[in-house]
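Here the structure comes first, spelled out in structure tokens, and everything after it is commentary.
The values are calculated or read from the model by the stated rules, or taken from the named source; none is laboratory data. Here the structure is a predicted model, which is why all the values come from computation and not from measurement. A quick note on method: Cβ atoms are made from the backbone with ideal geometry, for glycine too, and the neighbour counts reach across all protein chains shown.
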Amino acid sequence: MPKANKTLWIAVGIFLAFVAWICLEAAGAVPERVKWIAVGLPEWAFAVNIGLAPILAGLASSNIAIRAELRLLSFILLLVSISMFGLCYRRHPVITLIIGAFLYLEAFWIIPRWNARHRNSESVPPKS
């Protein structure tokens, strides 16, 4: 499968999962045990979760020279953060939708362009 098709299907999958969660939430079909997690978390935890997601996405998927352990940790934290977006939606629906759309844009437009520019700058020999 060409890389462009693979990226497109990943993008469609993420978008459909996000839309499915919001539709299930709006229909009241999210189980009570999932909603129970949100009761124990303080309000600031949701704001931090929403705010850190774009930063973690950048660390996890860019070509920045960081240690592999830090990249793996940021990827795991990103997965946890994105998994909690459904719970964040209950308290901050507009901001969660805006950050979710920005994450989508970041993952499939900003970071690939940043990585391509970074690769191009590495391939150009320095001027002496």
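Details
- For region 99-123, the set of residues classified as of a type in the set (D, E) and under 13 Å from the mean Cα position of the chain (by Cα) consists of E106 only.
- Hey, F102 among the hydrophobic types (A, V, I, L, M, F, W, C), surrounded by fewer than 17 Cβ atoms within 10 Å (Cβ to Cβ), in contact with a Pro (Cβ under 9 Å, 6 or more places away or on another chain) and farther than 16 Å from W21 by Cβ or not: yes
- Among the numbered conditions (1) modelled with pLDDT of 80 or more; (2) touching a Gly at 6+ places or on another chain (Cβ under 8 Å), the only one that V30 does not meet is (1).
- Counting only helices (runs of 4 or more DSSP H) that fall entirely inside region 34-98 and contain at least 3 residues that are among the β-branched types (V, I, T) and under 17 Å from the mean Cα position of the chain (by Cα), the qualifying elements are 43-61, 68-83.
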